[in-house]
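Colleague: One structure coming up, written as structure tokens, with questions to follow.
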Amino acid sequence: MVATNFKSERILKNASVEKIATLRALMANYDLDCYFIPAVDEHLNLSVPAAKQRRAWISGFTGSAGDLLVGKNSAWLFVDSRYYEQAELQVDTGIIQISKLGLEGNLSLIETLEKLATESAQKSTKIRFGFDPFTVATEQYQNWVNKFATAGIELVPIPENLADKVRQTTETLPAIDESPIFSLPASLTGETAAQKLVRVRESMQKTNIDLLPITNLNQIAWLFNLRGSDIPHIPIFISYAIVTADAAFLFTNLERVSPEIEQELAGVATLLPYSDYPSTLERCFNLPKQVRVLLDSKHSTAGTYQLILDQQKAKNNIEIVFDPNPVEGMKARKNPVEIEQMQSANFKASRAKTLTLKWLTEQLENGKVLTEFDVKESIESFYQQEADFHILTFRTIAGAGANSSIVHYGTPSPEITLKPGELLLLDSGAQYLAGTTDDTRTMIVGEPTTQQIEHYTTVLIAHINCAMQQFPKGTTGSQLDAIARAVLWQQQLDYGHGTGHGVGAFLAGHEGPNGISKFVQYPLEPGMITSIEPGYYEPGWGGIRLENLYVVREMPSKNGTAWYGFEPLTYIPFEQKLINVDRLSTTQLQWLNNYHASVVEKLAPVFDTATITWLKKACAAY
């Protein structure tokens, strides 16, 4: 789960008025009726460098997802249920209307534009909708083209980002690509960059693809076994790449590429300045034959699409094939070495969080008054004590009481104390060399209420049902999502986020194409790593989330059909005071007892006698 910053809400709210006014003046120069400012940057990252936090800078809303539309007289922020509370806290609703997607009467971006177009049609004019094409996915752009063809909405791609122009009137944008790039050896990745390129080219050859542009930073970092720190909490670097049948090009700031990395890439890829991407892409089409270019519409921008369309118009030998980038699936299916590294990293994270839970329990039992910030500092200290710690996977979520219901609450307060009878939700993760971690536990301070026990037990059953589920080859994330939610649905309860997300190997805490949610139609396959994290949230009351990471494994088959299941990577006790054991079936209880026995088996060898005693009590069998 990705955390969010809540600092300086009042300052940001006041500043939004002036910023939006300046933006509207720029819009008038282009005769725009509205301008689109998404959460993402030019590489479609949701976690973006400070210089690319355009929507947050203008609106004050710092959530990792949610888009802003600024019109001549009105503005709209579109957020899903994860951010309902946060948006209300951060946004000045006097100048920006919050559209809570999924709630009746709240319009989506497209519906809002269509409404504006209907109103404009009465004046016999079209709506001019401006946007930076390099911050819009090709898929989204194509959807707009189809939706707006007869809706009286004119798409106006603008090569310069207007949000940046507004910001540059008051400050110099910070650099985004100066951090050093470093390489990972094959002993950590399981494959060299040359070997990965062979696999990519084999995939291209099977579908007669001549040219593969890559704009997704996680794909580029994985393919070349390189890492950086340009993006908060993700060890990746600002870059583009192009792969052809006999060449590969990597575009980035060359000043931060060491001679050692240059030597490693010699014969593998040609290093070029970041700004050379458009011209090099153009030259790749100068072939005396038909050129088939693969464009991943989910992970490439409308800007790249437009570059290719311009070449297609100028030449008669270009065919665009819309298909998933083969790198995305290769990256998701971890090889044995990557799985081993993920096991090692998540063992370290499990040890750190278990020690935090012990510390928390003992501090509270001794009458110590703790704050959310104290908990955050404790878990991060334990993470950093582990070998090969790199960075946090995201800002630590430590929400006490009512704050535990804010799904992406990311600024634990030194003023909010843990009070008896309240829940504490601790969602955190750390990046270790070659391994990414993410896990969540919900605890009770003091003694729980019956309602807290019942809701926690419901979420735990949802987690167990998904985690112990065996499934045949071809099963998609959406099918497993329904299995997890079923126990909540029976009580007319639900949660607004997905049940699980893919996790990279020393890459992003959230990666595709796999996941467990209502919208994921991609099948889960051996080697993929996913979270399982059902939850329940009630504003003012609190929230519960229980998250482990799992690797998909092939199971013994009884009928010749391939069957898969989940093997835990996370080993942390669940909160026994919040479990109503009588509600667990025999198989659910067996899973829980086996899991807790594994926690003791894994962690006891690295703990002292006192900690082992505490751990065995926390993991006692029912």
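Colleague: Of the numbered conditions (1) under 21 Å from LEU426 (Cβ atoms); (2) touching a Lys or Arg at 6+ places or on another chain (Cβ under 9 Å); (3) of a type in the set (Gly, Ala, Ser), ALA562 satisfies every one except a single condition; which is it?
Modeller: In the conditions (1) under 21 Å from LEU426 (Cβ atoms); (2) touching a Lys or Arg at 6+ places or on another chain (Cβ under 9 Å); (3) of a type in the set (Gly, Ala, Ser), ALA562 misses (1) alone.
Colleague: Restricting to the range 240-258, give me the number of residues that are free of Cβ contacts under 8 Å to residues at least 40 places away in the same chain, under 22 Å from PHE285 (Cβ atoms) and touching a helix residue (DSSP H, G or I) at 6+ places or on another chain (Cβ under 9 Å). Walk me through it before giving the result.
Modeller: Taking the range 240-258 as the starting set, the residues that turn out to be free of Cβ contacts under 8 Å to residues at least 40 places away in the same chain are 240-241, 246-247, 249-251, 254.
The next check asks that each one be under 22 Å from PHE285 (Cβ atoms); those that pass are 240-241, 246-247, 249-251.
From what's left, touching a helix residue (DSSP H, G or I) at 6+ places or on another chain (Cβ under 9 Å): 240-241, 246, 249-251.
The qualifying residues number 6.
Colleague: Check the range 209-220 and report whether any residue there is surrounded by fewer than 23 Cβ atoms within 10 Å (Cβ to Cβ), under 18 Å from ASN253 (Cα atoms), in contact (Cβ under 8 Å) with a residue 40 or more places away in the chain and in contact with a strand residue (DSSP E or B) (Cβ under 7 Å, 6 or more places away or on another chain).
Modeller: no
Colleague: Separate question: Evaluate the range 82-96: report whether one residue or more is at pLDDT 95 or above, closer than 24 Å to ARG395 by Cα and not hydrophobic (A, V, I, L, M, F, W, C).
Modeller: Looking for residues that are at pLDDT 95 or above, closer than 24 Å to ARG395 by Cα and not hydrophobic (A, V, I, L, M, F, W, C), one finds none in the range 82-96, hence no.
Colleague: Pairs only if they're at least six apart or on different chains, beta carbon under 6 angstrom, first in the range 358-378 and farther than 13 Å from GLY399 by Cα, second open to solvent by less than 50 Å² (accessible area, probe 1.4 Å) and at pLDDT 95 or above; list them, first residue then second.
Modeller: Pairs found: LYS358/TRP614; TRP359/SER378; GLN363/LEU370; VAL369/THR417; SER378/THR356.
Colleague: Across the range 62-75, what is the total count of residues that are buried (at least 21 other Cβ atoms within 10 Å of the Cβ) and without any contact (Cβ under 8 Å) to a residue 40 or more places away in the chain?
Modeller: Count: 2.
Colleague: If you scan the range 1-45, which residues turn out to be open to solvent by 10 Å² or more (accessible area, probe 1.4 Å), out of contact with any Leu (no Cβ under 7 Å at 6 or more places or on another chain), modelled with pLDDT of 85 or more and aliphatic (A, V, I, L, M)?
Modeller: The answer is VAL17, ALA21, ALA25, ALA28, LEU44.
Colleague: Which residues, taken from the range 510-528, are polar (S, T, N, Q) and under 14 Å from the mean Cα position of the chain (by Cα)?
Modeller: ASN514, SER517
Colleague: Which residues, counting only those in the range 464-480, are buried (at least 16 other Cβ atoms within 10 Å of the Cβ) and either touching a Ser or Thr at 6+ places or on another chain (Cβ under 8 Å) or under 23 Å from HIS596 (Cα atoms) (or both)?
Modeller: Filtering the range 464-480 for residues buried (at least 16 other Cβ atoms within 10 Å of the Cβ) gives 464-469, 471, 475-480.
The answer is ILE464, ASN465, CYS466, ALA467, MET468, GLN469, GLY477, SER478, LEU480.
Colleague: Of the residues that make up the range 376-393, is at least one among the β-branched types (Val, Ile, Thr), under 21 Å from VAL551 (Cβ atoms), outside any loop (DSSP other than H, G, I, E, B) and open to solvent by less than 10 Å² (accessible area, probe 1.4 Å)? Write out each step before concluding.
Modeller: Taking the range 376-393 and keeping what is among the β-branched types (Val, Ile, Thr), we get 379, 391, 393.
From what is left, the residues that are under 21 Å from VAL551 (Cβ atoms) are 393.
From what is left, the residues that are outside any loop (DSSP other than H, G, I, E, B) are none.
No: zero hits.
The rows are residues; the columns are (1) without any contact (Cβ under 8 Å) to a residue 12 or more places away in the chain; (2) under 28 Å from the mean Cα position of the chain (by Cα); (3) over 25 Å from GLN263 (Cα atoms).
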{"residue": "PHE148", "(1), (2), (3)": "no, no, yes"}
{"residue": "GLU154", "(1), (2), (3)": "no, no, yes"}
{"residue": "LYS165", "(1), (2), (3)": "no, yes, yes"}
{"residue": "GLN168", "(1), (2), (3)": "yes, no, yes"}
{"residue": "ALA175", "(1), (2), (3)": "no, yes, yes"}
{"residue": "SER179", "(1), (2), (3)": "no, yes, no"}
{"residue": "LEU184", "(1), (2), (3)": "no, yes, no"}
{"residue": "GLY190", "(1), (2), (3)": "no, yes, no"}
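Colleague: When you scan the range 481-588 for strands (runs of 3 or more DSSP E) that lie fully inside it, which ones turn up with 3 or more residues that are in contact with a strand residue (DSSP E or B) (Cβ under 8 Å, 6 or more places away or on another chain), small (Gly, Ala, Ser) and open to solvent by less than 10 Å² (accessible area, probe 1.4 Å)? Please lay out each step first, then the result.
Modeller: Values: elements: 500-502, 511-516, 529-532, 535-538, 542-545, 548-555, 563-568.
Output list is empty.
Colleague: LYS334 is checked against (1) assigned to a helix (DSSP H, G or I); (2) surrounded by 18 or more Cβ atoms within 10 Å (Cβ to Cβ); (3) not polar (S, T, N, Q) and fails just one. What number does that condition carry?
Modeller: Here LYS334 clears every test but (1).
Colleague: I've got another one for you. May I ask you to list the residues in the range 309-331 that are part of a helix (DSSP H, G or I), at pLDDT below 95 and open to solvent by less than 30 Å² (accessible area, probe 1.4 Å)?
Modeller: Listed by number, the list holds a single entry, GLN311.
Colleague: Oh, and also: How about the range 287-305: which of its residues are part of a helix (DSSP H, G or I) and either closer than 11 Å to TYR240 by Cα or in contact with a strand residue (DSSP E or B) (Cβ under 6 Å, 6 or more places away or on another chain) (or both)? Can you show your working first?
Modeller: If we filter the range 287-305 for residues that are part of a helix (DSSP H, G or I), which is where we start, we get 302-305.
Within the range 287-305, THR304 is the sole residue that qualifies.
Colleague: So which of ILE579, ILE612 is in contact with a Leu (Cβ under 7 Å, 6 or more places away or on another chain) and on the phi < 0 side of the Ramachandran plot? Break it down into steps so the answer makes sense when it comes.
Modeller: Working: ILE612 fails: in contact with a Leu (Cβ under 7 Å, 6 or more places away or on another chain).
After applying the criteria, what remains is ILE579.
Colleague: Name the single residue that is nearest to ILE236 (Cα to Cα) among those in the range 428-463 being part of a helix (DSSP H, G or I) and open to solvent by 20 Å² or more (accessible area, probe 1.4 Å).
Modeller: The first filter runs over the range 428-463 and keeps only residues part of a helix (DSSP H, G or I), leaving 450-463.
Subset that is open to solvent by 20 Å² or more (accessible area, probe 1.4 Å): 450-451, 453-455.
On the way: THR450: 45, GLN451: 43, ILE453: 41, GLU454: 42, HIS455: 38 Å.
Ranking the candidates gives HIS455 first.
The values are calculated or read from the model by the stated rules, or taken from the named source; none is laboratory data. Computed from a prediction, not measured in an experiment: that's the story for all the values here. Cβ sites come from the backbone with ideal geometry, for glycine too, and all protein chains shown count toward neighbours. Each accessible area value is taken on the protein alone, full model and side chains, heavy atoms only, with ligands, DNA and RNA left out. Shrake-Rupley method; radii C 1.70, N 1.55, O 1.52, S 1.80 Å.
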